[in-house]
There are 2 protein chains.
Amino acid sequence: MIANDRRIRVALLGHGTVGAEVARLLDEQAGELAARVGAPLELAGIAVRRPDKHPDLPRHLVTADAAGLVDSDVDVVVELIGGIEPVRGWLLSALQKGKSVVTANKALLAEHSAELAEAADAAGADLYFEAAVAGAIPLLRPLRESLAGDRITRVMGIVNGTTNYILSAMDATGAGYAETLDEASRLGYAEADPTADVDGYDAASKAAILASLAFHTRVTAADVHREGIAGVSASDIVAAKVLGRTVKLLAICERVTDADGGESVSARVHPVMIPRGHQLAGVNGAFNAVYVEADAAGELMFYGQGAGGAPTASAVLGDLVAVARNRVLGGRGPRESAHAALPIRSMGQTPTRYHISLDVADRAGVLAQVAQVFAVHDVSIAAVRQRDRHSTASLVIVTHSAPDAALRATVDEISRLDVVHEVVSVMRVEGED
Amino acid sequence: MIANDRRIRVALLGHGTVGAEVARLLDEQAGELAARVGAPLELAGIAVRRPDKHPDLPRHLVTADAAGLVDSDVDVVVELIGGIEPVRGWLLSALQKGKSVVTANKALLAEHSAELAEAADAAGADLYFEAAVAGAIPLLRPLRESLAGDRITRVMGIVNGTTNYILSAMDATGAGYAETLDEASRLGYAEADPTADVDGYDAASKAAILASLAFHTRVTAADVHREGIAGVSASDIVAAKVLGRTVKLLAICERVTDADGGESVSARVHPVMIPRGHQLAGVNGAFNAVYVEADAAGELMFYGQGAGGAPTASAVLGDLVAVARNRVLGGRGPRESAHAALPIRSMGQTPTRYHISLDVADRAGVLAQVAQVFAVHDVSIAAVRQRDRHSTASLVIVTHSAPDAALRATVDEISRLDVVHEVVSVMRVEGED
């Protein structure tokens, strides 16, 4: 069925941690990969910014001319450089010429996936990006393919290893945020400039990709409400512990149904308190885990290493085998599915639940006064816990679900009450009834 | 690109819990499915044994003639009847005629997947079976596709909900096996004839399928060492608890490397003690979870509902969309990959670790005598715990890894020692260093 001289020529853009691992596996697993694909994979070239910095690579493969390599006689472009420009132009050009693309570039996909998907569709090429979210965890393929006959209602996960490492460490040691970040940088768990991680940009890109796939709706990073972990204090961690909870930075993508039956998509990244018994609570350190809820399938969870050279390379190679097979056999992978085109819900209108921990005056009538503020904003209280502490008392409130804007307004107003000495901790809660 | 009048005609064999759910979703999600596939899916017929028992189904769709339905003008056969014959003949006939097959029939696949895969390959048809293992959990697609560029070393999981329910309940209540099985039957968690579940046949079929995919080697149910849970006693559960462990029935598929570098495959199903902190320990009731270890990807875990009409139907529909898309676009899914053809390792030669709990005479020299038996069989002891109890003492031993046959022989010989009053519990351990 397959001509014996057929080879699939692969252009590799980037030779960092992941790229080097991909090149190594292409070589080491050559026989295995050829058996899977039905034809040998041939590394046609490796584009790097500074060839002189890679003296160990075969001279005939290395080039600084990524555009030229993409334009040459290759079948598949594997992009592991990252960033938007100039990568966007190279990949568009590849797709327009009918070459398939495998990329781990979450920032690019979260901004420009519509444009890339349209180019791929127009030319009948494949665009695969399993490695862009949750590293080695096979997550996008299940969302795009295994659950293709189901209706996904929610995707919620720990998708950034750096912030999960920091929050796990704060929980374990009781140390504050700044101190723990310093330690994480020293140990190599945080980048020299940790902004993309700690401010939630990385997780927001991933949330956009997940929401797009789960809800067949184009969701970009700009549609994702984003709060990082810089505001998480040691007091928040303590407040969570007291209630048998822990703090995680979650990407949450939900299908929200209005009272009138209309549907919209909420995508957000923010710190959350979850019960210690929750499956996501046990995901520590640099691991990732993603919970998926679907009408027929029910609850699913996917767990594994979210970053690192070898794990990410594993996901890239899985994609590479798929697109190469499609070229050999003449098939095509799943196309962009954006037909639902649901509206994006603003954060203010998204239903959430708050945990609020207050230091209040220790006298009668305080709870009544606080509760009145909730009532005014039409926010229902699920649980209250009060404790005396000399002249002040501690008041912990967990709300029922209400629009986030109403919850924020409630907290604002409560913080201005005379009887409230301090708002010790405010955080959203998930994963409990 | 797609002719507008193209339809994919689907034959549904079986209308039980899963079949009815598939039929319902085909109808309810028709528009969605057509968008994913690129052409409408049309239910061409439903084969049931006794059409008169299904008065609610449209008359023009129902037939007792499954062979005739398979032979008629259909593109895809979805088989949800189960059992080997006559289903095997129908599916072979379908594949030979180039029709794609989606099946949840683990028993059939565990015996005859080679024959079915060869027929599919010869005719260029697809054979998909995600629902055959771990119900709704997208597990086979990741193994076959996402990890296609990686080297899997181990697959270990809870793949039978009935036995997991019974073991979870025994752990929670302290009740014995027979009593808990009765209760499970009363609550509908165990079948009237629970043999296939409690004796491990169901899990062994799944282990055969998982091992075949993970190691590119044909593994049948007969190759899988199988022990059920009928021998798990309340004493075993107590012994596990004392050591901070819990008992699970696991399917374990391993790539074993000999001293001389040769590789073989071990596939087995038996009760195991695992630490309570292990991710699989927290999987309770009817849930399934599967751990996968691969060279590049590292550790992965997949969790979700392993059975039930809707969850299983979700997996069937995911497969149906894939094979229907392949027909519309002219591609093909992954073929059987059996090129590694590794030898199967016998259980006796498979390295395992034992937990052994003994009641022994309370006098000096007993441990020395017991330890001597281990030494004779070349089995190394990892940990010993001794406790006095009046005239007898309790001795708990956990071994290092050794060939299972040597471990069994050790236990046999120890049980015959005069100083050993009773072998209270013997069980393999997994998941710890």
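Structure notes:
Every residue, every condition in (1) within 14 Å of another protein chain (Cβ to nearest Cβ); (2) of a type in the set (Val, Ile, Thr); (3) more than 29 Å from the chain's Cα centre (by Cα); (4) not in a helix (DSSP H, G or I), yes or no:
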| site | (1), (2), (3), (4) |
| --- | --- |
| A:Gly19 | yes, no, no, no |
| A:Val22 | yes, yes, no, no |
| A:Leu25 | yes, no, no, no |
| A:Gly45 | no, no, yes, yes |
| A:Leu57 | no, no, yes, yes |
| A:Gly68 | no, no, yes, no |
| A:Ile84 | no, yes, no, yes |
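- Answer residue from the stretch A:291-314, given it is within 7 Å of chain B (Cβ to nearest Cβ) and among the small types (Gly, Ala, Ser) and is surrounded by the fewest Cβ atoms within 10 Å (Cβ to Cβ) among those: A:Gly298
- Residue in the stretch B:147-169 that is modelled with pLDDT under 95, at the interface with another protein chain (Cβ under 10 Å from one of its Cβ atoms) and in contact with a Pro (Cβ under 9 Å, 6 or more places away or on another chain) present: yes
- Contact map, the stretch B:132-146: first residue more than 9 Å from chain A (Cβ to nearest Cβ), second residue at pLDDT below 90 and surrounded by fewer than 24 Cβ atoms within 10 Å (Cβ to Cβ), Cβ cut-off under 8 Å, separation 6 or more or different chains; pairs are B:Arg144/B:Pro334; B:Arg144/B:Ser337.
- Residues that are in contact (Cβ under 8 Å) with a residue 60 or more places away in the chain and either closer than 25 Å to A:Ile274 by Cβ or within 12 Å of chain B (Cβ to nearest Cβ) (or both), drawn from the stretch A:331-345: A:Arg332, A:Gly333, A:Pro334, A:Arg335, A:Glu336, A:Ser337, A:Ala338, A:His339, A:Ala340, A:Ala341, A:Ile344, A:Arg345
- Hits in the stretch B:102-127 - residues which are over 20 Å from B:Thr17 (Cβ atoms), outside any helix (DSSP H, G or I) and modelled with pLDDT of 95 or more: B:Ala125, B:Asp126, B:Leu127
- Sole residue being aliphatic (A, V, I, L, M), crowded, with 16+ Cβ neighbours inside 10 Å, under 26 Å from A:Phe215 (Cβ atoms) and in contact with a Pro (Cβ under 9 Å, 6 or more places away or on another chain), chosen from A:Ala406, A:Ala402: A:Ala402
- Just one residue in the set A:Leu147, A:Leu92, A:Leu109 is touching a Gly at 6+ places or on another chain (Cβ under 7 Å) and of a type in the set (A, V, I, L, M, F, W, C); that residue is A:Leu147.
- Candidates in the stretch A:8-17 are the residues that are crowded, with 16+ Cβ neighbours inside 10 Å and either part of a helix (DSSP H, G or I) or not aliphatic (A, V, I, L, M) (or both); of these, the one that is farthest from the chain's Cα centre (by Cα) is A:Arg9.
- B:Val78 being within 14 Å of chain A (Cβ to nearest Cβ), of a type outside the set (Ser, Thr, Tyr), part of a strand (DSSP E or B) and within 23 Å of B:Val328 (Cβ to Cβ): yes
- Qualifying residue in the stretch A:247-254 (condition: more than 16 Å from A:His355 (Cβ to Cβ), of a type in the set (Lys, Arg) and buried (at least 24 other Cβ atoms within 10 Å of the Cβ)): no
- Check on A:Ala267, at the interface with chain B (Cβ under 8 Å from one of its Cβ atoms) and surrounded by 24 or more Cβ atoms within 10 Å (Cβ to Cβ): no
- Unique match (being under 24 Å from B:Arg7 (Cβ atoms) and surrounded by fewer than 16 Cβ atoms within 10 Å (Cβ to Cβ)) among B:Arg59, B:Arg49: B:Arg59
- Flag for B:Ile356 being more than 23 Å from B:Val219 (Cα to Cα) and outside the structural domain of B:Pro275 (by TED's automatic domain parsing): yes
- Within the set B:Asp71, B:Asp65, the sole residue that is acidic (Asp, Glu) and surrounded by fewer than 13 Cβ atoms within 10 Å (Cβ to Cβ) turns out to be B:Asp65.
- Count of the stretch B:146-174 residues, restricted to those that are out of contact with any Phe, Trp or Tyr (no Cβ under 8 Å at 6 or more places or on another chain), surrounded by fewer than 22 Cβ atoms within 10 Å (Cβ to Cβ) and within 18 Å of B:Cys253 (Cβ to Cβ), is 2.
- Per-region count, the stretch B:62-77, residues of a type in the set (D, E, K, R) and out of contact with any strand residue (DSSP E or B) (no Cβ under 8 Å at 6 or more places or on another chain): 1
- Single condition A:Leu43 does not satisfy, out of (1) over 30 Å from B:Gly333 (Cβ atoms); (2) surrounded by fewer than 23 Cβ atoms within 10 Å (Cβ to Cβ); (3) in contact with an Asp or Glu (Cβ under 8 Å, 6 or more places away or on another chain): (1)
- Residue within the stretch B:109-129 that is within 10 Å of another protein chain (Cβ to nearest Cβ) and closer than 23 Å to B:Gly309 by Cβ present: no
- Scanning the stretch B:103-119 turns up one or more residues that are in contact (Cβ under 8 Å) with a residue 12 or more places away in the chain, more than 22 Å from the chain's Cα centre (by Cα) and in the same structural domain as B:Val18 (by TED's automatic domain parsing).
- Tabulated pairs, the stretch A:384-396, first at pLDDT below 85, second of a type in the set (Gly, Ala, Ser), C-beta under 6 angstrom, 6+ apart or interchain: A:Arg387/A:Ser394
- Single unsatisfied condition, A:Val328 versus (1) within 16 Å of A:Ala34 (Cα to Cα); (2) out of contact with any Leu (no Cβ under 7 Å at 6 or more places or on another chain); (3) facing chain B (nearest Cβ under 7 Å): (3)
- Yes/no for A:Arg36 being over 21 Å from A:Leu95 (Cβ atoms), crowded, with 22+ Cβ neighbours inside 10 Å, among the basic types (Lys, Arg) and within 12 Å of another protein chain (Cβ to nearest Cβ): yes
- Identity of the residue in the stretch A:35-61, touching a strand residue (DSSP E or B) at 6+ places or on another chain (Cβ under 7 Å) and in contact (Cβ under 8 Å) with a residue 40 or more places away in the chain, that ends up farthest from B:Ala338 (Cα to Cα): A:Leu57
- Taking the stretch A:299-418 as the region of interest, the helices (runs of 4 or more DSSP H) fully inside it that hold 1 or more residues being closer than 30 Å to A:Phe287 by Cα are A:309-329, A:404-415.
- B:Ala134 vs. criteria under 13 Å from the mean Cα position of the chain (by Cα), in a loop (DSSP other than H, G, I, E, B) and under 25 Å from B:Val102 (Cα atoms): yes
- From the list B:Gly161, B:Gly149, B:Gly124, the one residue that fits, being out of contact with any strand residue (DSSP E or B) (no Cβ under 7 Å at 6 or more places or on another chain) and assigned by TED's automatic domain parsing to the domain that holds B:Gly285, is B:Gly149.
The values are calculated or read from the model by the stated rules, or taken from the named source; none is laboratory data. What you see is a predicted model, and the numbers here were worked out from it, not measured in a lab. Please note: Cβ atoms are built from the backbone with ideal geometry, for glycine as well, and neighbour counts cover all protein chains shown.
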